[in-house]
Every structure is written in C-alpha cells, then in structure tokens.
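Single-structure report; data block below.
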Amino acid sequence: MNRLPRQTRVWPVSLAHGLNDGYGAFLSALMPLLIERLGISLTLAGLLTSVRSSIASFGQWPLGLAADRFGPRAFVLAGPALTVTAMCLLGVAPSYVGVAALLILAGLGTAAFHPAGASLVPEGEGRGLRMALFSAGGTLGVALGPLLVTQVVSRFGLSALPFLLLPGAICLVLIGISLPQGTSSPGLRRAWARHPHRTSVLRLWGMGMFRDMVGTAVSGFLAVVWTQRGVPLTFAGFSLAVYALAGALGDVVGGRLSDRYGRRVILVGALLLAIPALYLFLFTRGFLSLAFLALFGSASAASVPVSVVYGQELMPENRGLVSGLLLGLAWGVGSLLVTAVGALADRVGLEPALACVGLALIPAASLALSLPRR
C-alpha cells in the first residue's frame, strides 16, 4: 500500500480540529450541571457561553497574525492542548469565577488553533478537498463531543471529567508526531496594507459574516423550532445531529467540487442553493422539512472551506491572518447579530424571524458573485 507523502497529509490537522472543537463543545452539554452545582441564573450561564465564544472568535485575527509571524505549528499544538485542559478542569472548578477563567483559556485555545490549523492544510492540487476534510473534522468533533462527555458525567459525575485529559493527550502526541513544520512570514502588516487582493478578501469576509449570521441563528434556535411544532425533544436532538452531519458532508463535497470547477462557482452555487433550502425547511413539516434542513446545512457548510482556500490563494503570504478573518471574525460578528433575531422572534414569532434573517443570504451570494473569477 502506498503511503500518503507527509507534506500532503491532512489527517493530523483534521484530528486536531476535531479534538479542539469536540472538547470545546462540552460546555453546552455540561451547562445544566454547572448551573445546578454553582447555583447560578440563566443570565450568568449565558454570560459564560458569550465569554468563551467572543474570545474564540475575535481572538483569531491577532492570533492568526502571530501564527504567520512565528510559524503555525506551535499554535496548532498549543491551542487544542489549552482547550482540552481547560474543558476537562471544569468539573473541579470551585466557583463561578474559576469556571469563567477556564472558559477564557478554552476560548484562547480555540482562537489560537483555527487560523494556524487552516494555514497548515497541505498545499498543491486538491487543496480544496483537503481544506474540506480539515473543516469536517471540526464539525464531527462538535457532533461527537457532547455525546462523549454526557456518557462520562452521567455515569461518574462531574468529578470524573479530568480523566478525559488522557485521550486528549494521546491524540496530541499522535498529532505532534505527524504534523508538518510550517513556515513563518515576517512583515505581514505591510503586506496586508498594500496587497492588491485585499478588497476581494474583505468581500469574502462580508460573505461569511452574512452566511454565519443565518447559520448560527438556525442552529441556535433549531431545537426550539421543532418543539414549537409539537414534536418530541428527542426528535429535536436528532435534527441537530442531522444538521451537523449534513454540514460535514457539505464541507467535503464543496471542497472537492471547488478543485474541479473553481472556488467562485462553488461559493455562488452553494449560497444560491441554501436560500430555497432554508425556506422549504421553514414552510414544510415532518421528515420532508428535516430533509430540506439537511440540504440547507450541506449547502451552507460547503462554502466555508472553499472561502478559506480562496482567501489563502489570494493572499498566500498571509494565510494565518486570512484564516482568522474568514473563520473567526466572520463567525463572531455574524453570531453577535443573532441577538437581534431573538428580539425579532419575541415580536413576530420564531419561524417568521428566521425567514427574515434568511434574507441575509442574498447579500452573501451577491458578494460571492462580485469576486474575481480566478
């Protein structure tokens, strides 16, 4: 059997992505237990999620710049190590302040990993597919992480959470052995300021911000949509798994097709497909609605790795910075706008509010159309 050359291996960064995002996803599953143990309100519980998410998203821009300056390899290893350690210590944190401090560290770990990990995806022919596999690794981690942690804490309690440090450490050793070195790129500030493709990268950021605003609103309120329709909570949970797995499939398909037909074509096509899929999900019921939800999840996710590869190809000397912009800053700003969706839902109803926010996919597709063909 022929072995894949070291410089074209994508599994180390995909595994690191799944490890980082899988352990990071522990929080949502642990939140009911943390609320009970700490005796906190829902407001304070929501603040914990906001603190971690804000640092994890907005920290990617400066840490991506640092990865370009000093080399991404150390960030790819240190980021998941910090996330894994912080999330596993949540079970023994003595107070609300201690939990908040650990979540700040987990957010920094996530912010350090994502732009550096995306910049270490091997170059060459087929890079769209490799970036898609990197992205899918994180999506699968988000889907599987809560399943792992709920099994552990339901049987052994929160105090057993530190034992999950062991599988995390084993994965990090495997990643460290196989991870490519990467290179640093001094002088990035000057390169960004006068780069001829800076405007195109900013269009990619705007596209991602509008897309992530819609995607975060759908995923954040998805269980509520189903329960308001009168279906069991178990079906609502099943729909979340379907949505996540469809997104992983969309990552791979979008990346592969972009290698064959071009980045811009797939970006435009995926976003144009996501628009009717979203509205068909909202205006149908039952398993047909679930099928359109899966189609929306696949189409929306298909544009994520393609946009990152496109941005890195436009500015190859600033790969970490571009990745931080397109992965972290786009998601962070888009997520902040979801608060307005909740306020609108209180006035007009949840599904009409999601139908309104879905209109943001139109400027997202328009920005994709405005990108250069090559």
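The values are calculated or read from the model by the stated rules, or taken from the named source; none is laboratory data. These numbers were taken from a predicted model, which means no experiment stands behind them. Every residue, glycine as well, gets a Cβ built from its backbone with ideal geometry; the counts of neighbours run over all protein chains shown.
Couple of notes before you dig in:
- Any chance Ala169 is in contact with a Leu (Cβ under 8 Å, 6 or more places away or on another chain) and at pLDDT 85 or above: no
- Meets criteria (over 30 Å from Val224 (Cα atoms) and of a type in the set (Gly, Ala, Ser)) for Ser366: yes
- Sole exception among (1) touching a residue at least 24 places away in the same chain (Cβ under 8 Å); (2) farther than 22 Å from Pro122 by Cα for Ala66, by number: (2)
- For Leu204, the conditions (1) modelled with pLDDT of 80 or more; (2) surrounded by fewer than 20 Cβ atoms within 10 Å (Cβ to Cβ) all hold with the exception of (2).
- Filter result (closer than 26 Å to Trp61 by Cβ and not hydrophobic (A, V, I, L, M, F, W, C)) within region 202-251: Arg203, Gly206, Gly208, Arg211, Asp212, Gly215, Thr216, Ser219, Gly220, Gly247, Gly250, Asp251
- Residues located in region 307-363, provided they are acidic (Asp, Glu) and touching a Lys or Arg at 6+ places or on another chain (Cβ under 8 Å): Glu313
- Flag not set for Gly128, criterion: modelled with pLDDT of 85 or more and of a type outside the set (Lys, Arg).
- The listed residues are Ala118, Ala193, and the only one of them that is modelled with pLDDT under 90 and out of contact with any helix residue (DSSP H, G or I) (no Cβ under 9 Å at 6 or more places or on another chain) turns out to be Ala193.
- Flag if Val142 is in a helix (DSSP H, G or I), more than 30 Å from Ser258 (Cα to Cα) and among the β-branched types (Val, Ile, Thr): no
- Residues in region 362-374 that are surrounded by 17 or more Cβ atoms within 10 Å (Cβ to Cβ) and in contact with a Phe, Trp or Tyr (Cβ under 7 Å, 6 or more places away or on another chain): Ala364 alone.
- Residue in region 44-51 that is closer than 29 Å to Glu125 by Cβ and more than 16 Å from the chain's Cα centre (by Cα) present: no
- Residues satisfying the stated conditions in region 244-284, i.e. crowded, with 23+ Cβ neighbours inside 10 Å and among the hydroxyl-bearing types (Ser, Thr, Tyr): Ser258
- Test: residue in region 295-302 that is over 30 Å from Arg69 (Cα atoms), assigned to a helix (DSSP H, G or I) and free of Cβ contacts under 8 Å to residues at least 40 places away in the same chain: no
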